[in-house]
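Encoded as structure tokens, the structure appears first; notes follow it.
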Amino acid sequence: MNVLNVVLPLGSSVLSFVFAAMVFDQWLQRRHSFQLVWAIGLLWYGISAGCEFAGSAFGWSEPLYRTWYLIGAFFVAAYLGAGSIYLLRKTRFGYFAGATVLIGGALSLLFTHATARGTSTPLYPGSGTAGTVAFLVALVGGVAIIAATAFRRPLAAHIAMAVLVIGSIAAAYLTFSAPLAAPGWALDPNTHVPVGSAFPGYVRVLTGPFNIAGALCLVFGAIFSAYIYMPKRKLLRAKVRVPVVAQLYGATAVAVNLVASLPVAAPELVRGKLNSRVPATILIAAGAFIPGVTSGLNRFGVTWSFFLGEFLGVLLIFAGFLVSEEVFRNVRLGVTIWSRRSSLKGELS
């Protein structure tokens, strides 16, 4: 037994459950939608890591493996990303969110045509219909999110959540009904880390709209939040009103202005005058990025970093939430454990 294969998932699971309880308690106090959705996402994180701990410590079984794949591959990133959409529901972030859903659907379709290197053997045999359906659903959902952002912005997050819930039900049915070859699970033979290769191709290609869209929304939602609250140096100020071009220009402007603003923000951070949400959201972005990379590598056979990336991810996100005065004005687990007075007057939520 590899000790790290037990310790790291156990740490990720315990921290995620504690974190979920704290965020849920914040929701009970403040009733912001993003807190409830994030609490659900963190609950999924804890269950997924808990499955990894149980499998590594006591041995894998088919029900455990199916649960791990459903929650880890479909739910965790998607629900955390949906929380970011709710957090930024009053901004134009819905354009980006809708685009990520479209990208995830397009990649699902492309995966159906992927072949093993140097051969014509499909990587995901029998996935053509599933990939096409995933693309069509993502197309409708992504366009609906974008349209809502343009015409009735608060609805965009609700539409994204509705699409996610419907997709989650479909993913759960397919994951638990898919035939698995004996022994009913798959592990990397060298690292003994679970991999998704035991599932048929039509299940594996469906993860794109969930994982890719969720991870991108979480990472870039955090970066966008940092940009909102940091002192800015705007190199690109012009307004563009042509649809599509306006959104592309807006994304470019945020990226350019963010980079230009970093030299202005750094001295403010050193002096302790920077809005707490800036370092907080940078930590959250890093915490979302790391497991996104390591889980992606897991699909391609690089598994040694999977549990480490998962633990570092939730640890950094937790640190980011604790740093932010606006998100955590007090730390509670049923009763107040610690509290502080915010030195800032405004907040996004």
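The values are calculated or read from the model by the stated rules, or taken from the named source; none is laboratory data. Values in this document were obtained by computation on a predicted structure and should not be read as measured data. In this analysis, Cβ positions are derived from the backbone assuming ideal geometry, glycine residues included, and neighbour counts consider all displayed protein chains. Each accessible area value is taken on the protein alone, full model and side chains, heavy atoms only, with ligands, DNA and RNA left out. Shrake-Rupley method; radii C 1.70, N 1.55, O 1.52, S 1.80 Å.
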Checklist outcome for this item: The lone condition residue 234 fails out of (1) over 30 Å from residue 57 (Cα atoms); (2) crowded, with 18+ Cβ neighbours inside 10 Å is (2)
Next on the checklist: Can you find a residue that is out of contact with any strand residue (DSSP E or B) (no Cβ under 8 Å at 6 or more places or on another chain), modelled with pLDDT of 85 or more, part of a loop (DSSP other than H, G, I, E, B) and buried (at least 20 other Cβ atoms within 10 Å of the Cβ) anywhere in the range 190-203?
Outcome noted: yes
Checklist entry - Any chance the range 273-291 includes a residue that's surrounded by fewer than 20 Cβ atoms within 10 Å (Cβ to Cβ), in contact (Cβ under 8 Å) with a residue 40 or more places away in the chain, farther than 22 Å from residue 15 by Cα and basic (Lys, Arg)? => result no
Next on the checklist: Take the residues in the range 98-129 that are among the hydroxyl-bearing types (Ser, Thr, Tyr) and not in a loop (DSSP other than H, G, I, E, B); name whichever of them is most open to solvent (accessible area, probe 1.4 Å).
Outcome noted: 129
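Condition first: within 30 Å of residue 130 (Cα to Cα), hydrophobic (A, V, I, L, M, F, W, C) and at pLDDT below 90. Can you find one or more residues in the range 243-259 that meet it?
Just the residues of the range 243-259 that are within 30 Å of residue 130 (Cα to Cα), to begin with: 244.
If we keep only those that are hydrophobic (A, V, I, L, M, F, W, C) as well, we get 244.
This time we only want the ones that are at pLDDT below 90, so: 244.
Among the residues of the range 243-259, at least one is within 30 Å of residue 130 (Cα to Cα), hydrophobic (A, V, I, L, M, F, W, C) and at pLDDT below 90, which makes the answer yes.
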Checklist entry - Looking at the range 66-73, is at least one residue part of a helix (DSSP H, G or I) and among the basic types (Lys, Arg)? => result yes
Item to check | Scan of the range 15-71 for residues that are polar (S, T, N, Q) and either open to solvent by 10 Å² or more (accessible area, probe 1.4 Å) or over 16 Å from residue 295 (Cα atoms) (or both), ordered by number | outcome: 16, 26, 29, 33, 35, 56, 61, 67
Checklist entry - Does any residue of the range 130-144 turn out to be in contact with a Ser or Thr (Cβ under 7 Å, 6 or more places away or on another chain), part of a loop (DSSP other than H, G, I, E, B) and closer than 30 Å to residue 64 by Cβ? => result no
Item to check | the range 302-317: number of residues that are open to solvent by less than 50 Å² (accessible area, probe 1.4 Å) and over 14 Å from the mean Cα position of the chain (by Cα) | outcome: 4
Item to check | Neighbours by Cβ (under 6 Å, 6+ apart or cross-chain): first from the range 212-235, in contact (Cβ under 8 Å) with a residue 24 or more places away in the chain and hydroxyl-bearing (Ser, Thr, Tyr); second surrounded by fewer than 24 Cβ atoms within 10 Å (Cβ to Cβ) and in a helix (DSSP H, G or I) | outcome: 227/254; 227/258; 229/278
Next on the checklist: Just to be sure I understand the filter: pairs with C-beta atoms under 8 Å, separated by 6 or more residues or on different chains, first member in the range 157-182 and more than 14 Å from residue 200 (Cβ to Cβ), second member loosely packed, with under 13 Cβ neighbours inside 10 Å and at pLDDT 95 or above. Which pairs pass?
Outcome noted: none
